[in-house]
Amino acid sequence: MADACCGTDSPTTAHTTVARDETATGAPAAVWQVRELQAAALTGVLLLASLFLSGVRASGLELAALAVGAATFVPGTLRALLRGRLGVGLLMTIAAVGAVALGEFGEAATLAFLFSIAEGLEGYAVARTQHGLRALLDLVPPTATVLRDRAETEIAPAGLRVGDALLVRPGEKIATDGVVASGRSALDTSVVTGESVPVEVGPGSEVFAGTVNGAGVLEISVTATAEDNSLARLVHIVHEAQERKGSSQRLAERFARPLVPGVLVLATLVAALGSLFGDPGVWIERALVVLVAAAPCAFALSVPVAVVAAIGAASKAGVLIKGGAAVEALGRVKVVAIDKTGTLTRNEPAVIEVTTAPGVDRGRVLAVAAALEARSEHPLASAVLAAVDTTAVTAASDVEAVPGNGLCGTVNGREARLGKPGFIDSGVLAGEATRLQDAGATVVLVEHDSELLGAIAVRDEVRPEAAEAVAMLKRQGVAVVMLTGDNSRTAAAIAAAAGVTDVRAELLPQDKARIVTELKARGPVAMVGDGINDAPALATAEAGVAMGAMGSDVAIEAADIALMGEDLRRLPDAIAHTRAARLIFTQNLLMSGAILAALVPLAATGVLGLAAVVATHELAEVLVIGNGIRAGRKSRLPHHAPLRTTHRAAAIARVSSRVPADVPAHVPVRVPAPDTGGKALLPLSVGVATRSAAGGCSADSCGCAACRAGRM
């Protein structure tokens, strides 16, 4: 496993190396496919069988079990020793040799069994992390359309050159980074910035690989090749950070580093000096007892027992922790950097306020807006439709999208428009529009028959438990910093609602990773995020925490911990739980270390014989296991009273109930894209489906509003 963490790929080839390695070897699809765990299972079977036998047969099975279990770590330990690295693996090897020398074959095999399980679980987590990088590469479309010699040509993204004219049609992904040369559209940039609200782009706007084009046609001047675009850099950052993590030493290994050479030197001195001044046979035997006394039976169990107990308890409470290194890292955290969209917020834009012009009814504003948005592919359309109070929506006719501005159409025989301030004159609502924008909302104005009706404010609302979670973190002495790709005004409003005072806004993924590195000066950092754009920061932090229910696959794989539910209060719970677990396995290490420190000199001076040393080791193992089991207590992972409302379910029900019978069944809607963790929204291309008498459609793949409401 250690060998897997020593890559030296350059920035320009890291992403292709990862893809090549995965193609060649593949990541384990399930825990039972991990070689170390398969060996541990066989070791356990052999040990169990030896209990029913006696004499030579039992010893033979115990030695066979030892050979199988030791094969998972002894070769790697010897390779590391040749490179000058001392760690727990060497201690375990010495323990096995000492136990065999004493004739305690079963004890040696048991230690090999436990250690192979620990190595297997850690190896599985690392393999799955590298496997998750493939999702980044899959964001690039298989082909790109370029204009060469005034003709459209489809080529592979790898063939793009700086300066090429890239043509991107509605709904297509952008193959590489560039600058818009002509055209206007709204881009779904959630892959890069993590923000759910599309960004309007026009000539001169910078665009990034993997982002999704909206309704307009764009001509883009390529500024980076496929090997050096934003996605390739993301892969390299994650890969590089994972390499740094893989080479770091765990707590037990830091203890082992001075212990191993010290014991070997001491045993040699006992044998050599004793032989010079006494009976060589007696002193060589005492040297052997010293090696057995220093065999780290309890020491090797100190961390794994506590870690397994802590991880098991956490998983039952909806917190997935990837191994002992993650337990240690999260337990040391002093600073939490947290993403905004989908982490502090719901990632579900909703109407927060409707401001009307004098003499205009609120219902009329929403009715006209809903009529225009009924067939829109814009994410804000669902928010507007969900807020409509009437029981029916009559879709507007002749609806046209004005890229970068809004919609226009005909409602009840009269012209209607919906769009941002500037496209529609704010008039008497200018002050209200500014106030709502200062509150972090996206504002759209509604106009009917040249009359300004009102303004609708849409915002991705803060999770109901966010403020409580932030307060819990502060009580634990943890500083909280919010990182977001959103604008400063929106970020400040969301941060104030969540109780966060340190805000960093308008960030790209590499900016988040850089800030996480800077925050390390204040102590160990945990990064909490849910999107692909958060992966570099998650991998850079000492502890990466992914919001599992809404998170992308890449975020979950790059993280060390995943909160499988959507309750953010599980974050401070997890920190408290891992702090307790870290304290317990530190106690185990100190206790087992103290026992070793006492046994070795007593064995060297002949005060304790072979039998006494073995008995003490067995007692130490019982104490370590008993103390380690306490890490499985769930007292720090309580059940919280539910705060989350049924906002999404209620909105879906309202949309479904208001779809009129005359809305065509083939109206396109937006669905979560499978390769972006549900954050990027793509138009679903559907065929014509006939509406049944019950109001549904006969096509399983239909994207009409009624069927969408039933599936979401």
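The values are calculated or read from the model by the stated rules, or taken from the named source; none is laboratory data. Given the structure is predicted, the values throughout are model-derived calculations rather than measurements. A quick note on method: Cβ atoms are made from the backbone with ideal geometry, for glycine too, and the neighbour counts reach across all protein chains shown. Heads up: the accessible areas ignore ligands, DNA and RNA and are worked out on the full protein's heavy atoms, side chains in. Shrake-Rupley method; radii C 1.70, N 1.55, O 1.52, S 1.80 Å.
Quick one: how many Å² of Leu264 are accessible to a 1.4 Å probe, rounded to 10?
80 Å²
Pairs Lys322/Lys512; Lys334/Lys634; Lys173/Lys512; Lys173/Lys316; Lys316/Lys474; Lys173/Lys520: which exceed 32 Å Cα-Cα?
Check vs 32 Å cut-off fails for Lys173/Lys316; Lys173/Lys520.
Given R₀ = 22 Å, FRET efficiency for Asp228-Arg514 by Cβ-Cβ distance, to 0.05?
It comes to 0.75.
Quick check: residue separation of Ala496 and Thr394 times 0.36 nm, minus the Cα distance between them. What number comes out in nm?
32.8 nm is the gain from fully extending Ala496 to Thr394.
Set the Förster distance to 30 Å, then compute FRET efficiency between Ala594 and Leu273 from the Cβ-Cβ distance, nearest 0.05.
About 0.70, to the nearest 0.05.
Take each of the peptides 323-334, 211-222, 582-593, average the number of other beta-carbon atoms within 10 Å over its residues, and list them starting from the highest.
In decreasing order of mean packing, 323-334, 211-222, 582-593 become 323-334, 211-222, 582-593.
Going 7 Å from the Cα of Arg522 along its beta-carbon direction, which residues of region 329-352 have the amide nitrogen within less than 20 Å of the resulting point?
Only 329-341, 343-345 fall inside the zone, counting backbone N under 20 Å.
Roll a 1.4 Å probe over the protein chains and send me the accessible area per residue for region 360-476 in Å².
It amounts to 40 Å² per residue over region 360-476.
For region 446-500, rounded, prolate or oblate, judged on the Cα gyration tensor with a ≥ b ≥ c (square roots of eigenvalues), a/c < 1.5 rounded, else prolate if a/b > b/c?
prolate
Leaving out ligands, DNA and RNA, and with a 1.4 Å probe, what % of the accessible surface on region 392-494 is carbon or sulfur?
46 percent
Go through Val308, Thr345, Ser397 and say which Cα lies farthest out towards the positive end of the charge dipole of region 279-404; charges sit on Cβ, +1 for Lys and Arg, -1 for Asp and Glu.
Going by the charge dipole, the pick is Val308.
Report, please, the projected area of region 471-515 averaged over directions, based on the convex hull of its C-alpha atoms, in nm².
The number I arrive at for region 471-515 is 3.2 nm².
From the square roots a ≥ b ≥ c of the eigenvalues of the alpha-carbon gyration tensor of region 445-584, which class results: rounded (a/c under 1.5), prolate (a/b over b/c), or oblate?
In terms of gyration-tensor shape, prolate.
Can you pull the accessible area of Arg362 for me, 1.4 Å probe, Å² to the nearest 10?
Surface accessible to solvent at Arg362 totals approximately 100 Å².
Hey, with R₀ at 22 Å, roughly what FRET efficiency would Thr145 and Val402 work out to, going by the Cβ-Cβ distance, to 0.05?
Using R0 = 22 Å, I get an efficiency of 0.35.
Can you tell me, using C-alpha contacts under 8 Å and at least 6 residues apart, the relative contact order of region 389-449 as a whole percent?
Relative contact order, region 389-449: 28 percent.
On full extension of the chain, what length is gained from Arg35 through Glu200, given 0.36 nm per residue of separation minus the C-alpha to C-alpha distance?
Contour length minus the Cα-Cα distance gives 54.4 nm.
When only alpha-carbon atoms are used, what values of Rg and Dmax, in angstrom, describe region 284-370?
Looking at region 284-370, its Cα Rg and Dmax stand at 29.2, 102 Å.
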